[in-house]
Amino acid sequence: HGPTRLADYRPTDYLIDTVELDVRLDETTRVVSRLRLRPNPLGRAGAPLALDGGDLKPLRAVLDNQPLDLAEVATPERLTIAEPPRRAFTLEIETELDPAANTRLEGLYRSNNTWCTQCEAEGFRRITYYLDRPDVMAVFTTRIEASKEEAPILLSNGNRVEAGEAGPGRHYAIWRDPHPKPCYLFALIGGDLDSIHDEFTTASGRKVDLGIYVEKGKKHRAYYAMQSLIHAMRWDEFVYGREYDLDVFNIVAVSDFTMGAMENKGLNIFNDKYILAVAETATDADYARIESVVAHEYFHNWTGNRITCRDWFQLCLKEGLTVYRDQEFSGDQRSRAVQRISDVRALRAAQFPEDAGPLAHNVRPDTYREINNFYTATVYEKGAEIVRMLRALIGHDAYHAGMALYFERFDGKAATIEDFLSCFAEAAKRDLASFAQWYAQAGTPRLHVKGVHDAKAQTYTLTLRQETPPTPGQTTKKPLPMPIRIGLIGRDGAEIPMVQDEPWSAREAKFGVFELPGAERAIVFKNVPTPPVASVNRRFSAAVILEMDLSEDDLLLMMAHDSDPFNKWQAAQSLATRLMIRSTAAIRAGEMPEFSEKFAEALGRALEGYEGDPAFAAQMAALPSENDLARDIGCDVDPEAIFLARKALRDGIGRRLGQRLVTVYDKLHSDAAYSPDAASAGRRALRSACLDLYAAGNHADGADIALTQFQRATNMTDKMGALTVLSRLPTPTREKALDFFFRAHCQEPLITDKWFSLQATIPEPDTLARVKRLTKIHAFNIATPNRVYALIGAFANGNPLCFNAASGEGYRFVADLALEIDRVNPQVAARVLSAFRSWRNLEVERRAQAEQALKNVSDAPKLSPDLRDIVQRALA
Ligand code: B3K
Ligand code: ZN
């Protein structure tokens with residue numbers, strides 16, 4: 001079938017007011033659904049009613065007590081009533097499901113024997129026939145019945161209104177969610193789970209019971225998630241004035257889950273890796289991620305659930321906005337600067353390459369073949385950047401006035417991006433038509449900046465010019481309004497006051513955030529006696545690629561003195577990038593890589609001067625990744641040369657700074673009990689970063705220190721930090737440490753995943769053989785998404801040297817596995833294959849190998865729509 005198009009949107013012909021579900025959980029599960037339907041006044045009168053189904057087995061269907069002939073009305077994919085009544089009517093449908101056989105993890109399935117659901121985007125139709133579209137919102141009442149022994153816990157959306165016995169050995173519970181919702185927010189749980197409980201009282205005094213349910217024996221690992229939830233609830237009241245709206249908020253963590261988590265109304269279901277954490281099992285990065293994902297799903301209660309999407313093209317309406325909200329929340333809980341740096345790192349690592357390759361798409365796409373393939377970094381992370389830019393352009397007050405208007409006007413509705421923007425246009429009294437282009441145009445804008453100093457006039461003129469390269473299907477691009485935060489730095493490192501020469505807006509004069517409303521703008525600064533260094537796009541105010549020819553000395557000055565921590569970090573990244581790109585070219589030409597004493601020294605000073613913010617210093621220490629360099633090089637990419645160039649710089653820095661790194665490392669040692677707070681995490685991060693650089697230049701000594709740290713570690717962060725360093729040094733110690741780690745933790749899949757990822761990312765020629773071996777061991781399972789992401793995902797996305805082996809064997813391995821996974825879980829297969837998104841940028845021989853691997857996939861029989869969509873777009 002053809003693609004779905006935004007332009008073809010029509011209101012639904014029928015509305016569903018109420019849904020009563022009766023679910024009897026068993027080996028074969030029976031679902032009875034009683035729908036109250038009526039014609040939509042905005043739809044076509046008398047139109048046939050076509051309910052969506054997904055591979056369903058219908059048992060009966062009854063319209064207003066009149067049994068329907070199934071052979072006539074139903075197929076596994078659709079239930080059609082040619083001439084439904086022209087008034088309200090009731091439809092009762094019974095289906096039969098086999099949850100244990102559901103490996104797609106969409107609809108109702110079993111994870112470690114727990115019955116659970118995943119309905120977004122189109123999973124509800126795999127439970128029963130329905131109008132499976134987000135603009136059909138109904139009140140759900142759900143009765144769940146199951147064996148008491150197998151499923152003592154029965155949960156669904158809303159509040160529990162009844163529970164009791166249901167015959168020998170069985171019981172039931174009835175849940176009612178008073179808030180009308182689209183079916184993608186439906187959820188149900190049945191299982192034998194442990195739980196922890198807490199309470200939250202909202203600003204207006206509503207008492208909310210909070211529960212987190214986990215597999216047996218894991219509840220001691222749920223407390224951090226509970227604290228994160230409480231912080232998120234408080235924050236949303238404080239910053240957005242949003243209160244929770246039910247008496248219960250439950251979270252359930254399951255071990256088989258395709259994505260991170262799901263915001264089902266009142267019953268969030270999580271991939272357990274984003275819930276479970278104690279010092280011995282989770283790293284600081286895991287804790288930070290848990291805090292942000294718990295908050296993200298909670299924030300959806302308003303941005304997504306109370307106000308949902310009219311159709312799936314509007315996905316960024318809930319996702320971009322909610323990511324922006326969770327990023328701001330994390331910034332408030334931790335360090336704003338460090339949060340911004342890590343968010344931008346993630347944007348550049350995942351979204352920029354997507355936007356620069358064959359899978360590029362608008363933040364709001366115009367068309368899709370498989371909506372599951374649009375839960376992308378573009379929709380999520382670029383979507384968040386657009387909200388951030390909007391706020392920077394209109395200011396804090398207008399942003400919050402616009403949000404208040406949005407909540408008031410669209411509460412209980414299914415909205416569009418136009419609806420959203422109209423609130424800010426009204427609040428800021430400004431036309432946002434050209435800003436709206438951010439949603440409708442793919443590709444990352446390039447911002448070219450040139451500075452000219454006029455000594456006689458004592459002026460400094462910055463010229464900003466933007467341009468967006470063509471993307472598939474979009475050859476001409478319009479300029480996009482963007483906020484550029486600017487500062488001027490004097491040669492002494494001090495900030496130079498910016499004096500306006502021409503009329504600036506109040507925001508420009510006050511905050512130094514300049515608007516680039518069209519393709520080009522020149523900004524003149526007065527009273528600038530000597531040439532300054534312009535610090536442009538501070539805080540990464542606009543999501544663009546900045547092209548500005550700063551000298552090495554300019555960058556060193558910024559590294560030492562920029563008052564904007566983001567650009568201080570950026571200066572180090574830019575300098576390192578420049579060096580490594582030159583080295584890459586040198587290596588390809590058979591010459592020696594470059595080294596810069598000045599850069600090493602500046603970095604050393606940044607690390608030694610960590611006081612105040614060790615987490616920030618740790619960010620300074622982390623050089624751009626091989627993937628970052630490949631992206632910046634852009635074409636004719638040779639991953640091996642990049643690897644060697646980066647290795648040379650790291651080794652050189654490690655040798656040059658030597659004992660200075662060990663001194664910082666020793667100073668950061670702490671005997672205090674583990675605490676996951678941001679300050680303690682920052683110290684651990686810097687400590688590991690110093691060890692990592694030291695070991696790069698001093699293998700034997702580095703391995704000794706790492707081994708000691710590994711043996712003495714009392715928390716997973718220090719243990720993994722040490723093991724990571726050891727894993728990069730090809731010694732017998734490495735294998736011993738890896739074996740020891742596995743034996744200690746093989747009972748815990750989430751820790752085994754760390755062990756998988758670490759080995760998959762070893763940049764050595766025999767890693768592919770190692771990964772192949774690991775796919776055969778008992779701890780690996782192709783049907784569990786976490787295992788696949790940890791081993792195969794890490795290899796394909798985190799080991800550019802081996803994935804891009806010149807022989808093409810890395811490509812073939814990943815492509816073959818994607819085909820194998822496709823038969824089990826198409827969404828996961830499509831995600832795995834997306835690792836090929838930058839294949840066109842490779843040097844000619846690797847490009848041919850990658851293309852052949854993709855063609856093998858596209859020629860394979862019986863591809864899922866998910867995988868077919870990715871491979872076709874990748875090859876197009
Ligand atoms: N809304 C879910 C995404 C589920 C997608 C499934 N294909 C997660 C989130 O963004 O919160
Ligand atoms: Zn989300």
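The values are calculated or read from the model by the stated rules, or taken from the named source; none is laboratory data. Everything numeric in this text was worked out from a predicted model, so none of it was measured. Reconstructed Cβ throughout: ideal geometry from the backbone, glycine too, with neighbour counts over all protein chains shown. Side chains included, ligands, DNA and RNA excluded: accessible areas come from the protein's heavy atoms. Shrake-Rupley method; radii C 1.70, N 1.55, O 1.52, S 1.80 Å.
Values as computed for the structure displayed
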{"quantity": "Criterion violated by Thr308 - all others in (1) within 16 Å of ligand 2 (Cβ to nearest atom); (2) among the β-branched types (Val, Ile, Thr); (3) within 30 Å of Lys568 (Cβ to Cβ) satisfied", "calculated": "(3)"}
{"quantity": "Check on Ala392, out of contact with any Cys (no Cβ under 8 Å at 6 or more places or on another chain), open to solvent by 20 Å² or more (accessible area, probe 1.4 Å) and touching a residue at least 60 places away in the same chain (Cβ under 8 Å)", "calculated": "yes"}
{"quantity": "Residues of region 224-278 that turn out to be more than 16 Å from ligand 1 (Cβ to nearest atom), surrounded by 24 or more Cβ atoms within 10 Å (Cβ to Cβ) and within 19 Å of Lys318 (Cα to Cα), as a count", "calculated": "1"}
{"quantity": "Close pairs from region 246-273: first in contact (Cβ under 8 Å) with a residue 24 or more places away in the chain and within 18 Å of Thr103 (Cβ to Cβ), partner in a helix (DSSP H, G or I) and open to solvent by 10 Å² or more (accessible area, probe 1.4 Å), Cβ under 6 Å, at least 6 apart", "calculated": "Thr258/Gln827"}
{"quantity": "Hits in region 807-825 (condition: assigned to a helix (DSSP H, G or I) and open to solvent by less than 10 Å² (accessible area, probe 1.4 Å))", "calculated": "Gly810, Tyr811, Val814, Ala815, Ala818, Ile821"}
{"quantity": "Condition check for Ala163: modelled with pLDDT of 95 or more, more than 30 Å from Leu6 (Cα to Cα) and of a type outside the set (S, T, N, Q)", "calculated": "yes"}
{"quantity": "In region 582-615, the residues that are under 19 Å from Ser342 (Cβ atoms) and buried (at least 21 other Cβ atoms within 10 Å of the Cβ)", "calculated": "Leu603, Leu607, Tyr610, Pro614, Ala615"}
{"quantity": "Of the criteria (1) at pLDDT below 95; (2) buried (at least 19 other Cβ atoms within 10 Å of the Cβ); (3) not acidic (Asp, Glu), which one Gly473 fails", "calculated": "(2)"}
{"quantity": "Index of the failed condition, Ile290 passing every other in (1) within 16 Å of ligand 2 (Cβ to nearest atom); (2) farther than 29 Å from Asn112 by Cα; (3) crowded, with 21+ Cβ neighbours inside 10 Å", "calculated": "(2)"}
{"quantity": "Unmet criterion (only one of (1) in a helix (DSSP H, G or I); (2) at pLDDT below 95) for Asp651", "calculated": "(2)"}
{"quantity": "Residue in region 273-285 that is assigned to a helix (DSSP H, G or I), more than 22 Å from Arg631 (Cβ to Cβ) and within 14 Å of ligand 2 (Cβ to nearest atom) present", "calculated": "yes"}
{"quantity": "Some residue of region 409-420 being over 16 Å from Gln441 (Cβ atoms), surrounded by fewer than 22 Cβ atoms within 10 Å (Cβ to Cβ) and aromatic (Phe, Trp, Tyr)", "calculated": "yes"}
{"quantity": "Residue match in region 183-191 (condition: modelled with pLDDT of 95 or more, out of contact with any Pro (no Cβ under 8 Å at 6 or more places or on another chain) and hydroxyl-bearing (Ser, Thr, Tyr))", "calculated": "no"}
{"quantity": "Any hit, region 214-222, residues being open to solvent by 20 Å² or more (accessible area, probe 1.4 Å), part of a helix (DSSP H, G or I) and farther than 24 Å from Leu35 by Cα", "calculated": "yes"}
{"quantity": "Cβ-Cβ under 7 Å pairs, at least 6 apart or on other chains, region 130-142 side within 21 Å of Asp55 (Cβ to Cβ) and in a strand (DSSP E or B), far side open to solvent by 10 Å² or more (accessible area, probe 1.4 Å) and at pLDDT 95 or above", "calculated": "Tyr130/Asp52"}
{"quantity": "Ala404 being in a helix (DSSP H, G or I) and farther than 30 Å from Glu851 by Cα", "calculated": "yes"}
{"quantity": "Residue within region 195-211 that is surrounded by 18 or more Cβ atoms within 10 Å (Cβ to Cβ) and within 16 Å of ligand 1 (Cβ to nearest atom) present", "calculated": "no"}
{"quantity": "So Val139, is it open to solvent by 20 Å² or more (accessible area, probe 1.4 Å), farther than 30 Å from Leu315 by Cα and in the same structural domain as Thr18 (by TED's automatic domain parsing)", "calculated": "no"}
{"quantity": "Those helices (runs of 4 or more DSSP H) lying entirely in region 678-742 with at least 1 residues at pLDDT 95 or above, among the basic types (Lys, Arg) and crowded, with 21+ Cβ neighbours inside 10 Å", "calculated": "678-697, 716-727"}
{"quantity": "Some residue of region 315-335 being under 27 Å from Gly473 (Cβ atoms) and in a loop (DSSP other than H, G, I, E, B)", "calculated": "no"}
{"quantity": "Odd one out for Ala769 among (1) farther than 25 Å from Phe257 by Cβ; (2) touching a helix residue (DSSP H, G or I) at 6+ places or on another chain (Cβ under 9 Å); (3) of a type in the set (A, V, I, L, M)", "calculated": "(2)"}
{"quantity": "Single match in Ala121, Ala82, Ala100, Ala138 (criterion: among the small types (Gly, Ala, Ser), within 16 Å of ligand 2 (Cβ to nearest atom) and modelled with pLDDT of 95 or more)", "calculated": "Ala121"}
{"quantity": "Among residues of region 374-389, those that are open to solvent by 20 Å² or more (accessible area, probe 1.4 Å) and either away from ligand 1 (no atom under 16 Å from the Cβ) or over 18 Å from Leu321 (Cα atoms) (or both), counted", "calculated": "1"}
{"quantity": "Hey, Asp177 in a loop (DSSP other than H, G, I, E, B) and buried (at least 19 other Cβ atoms within 10 Å of the Cβ) or not", "calculated": "no"}
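Residues are listed down the side, and each one gets a yes or a no for (1) part of a helix (DSSP H, G or I); (2) more than 13 Å from ligand 1 (Cβ to nearest atom):
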{"position": "Glu297", "(1), (2)": "yes, no"}
{"position": "Thr308", "(1), (2)": "no, no"}
{"position": "Arg340", "(1), (2)": "yes, yes"}
{"position": "Glu354", "(1), (2)": "yes, yes"}
{"position": "His361", "(1), (2)": "no, yes"}
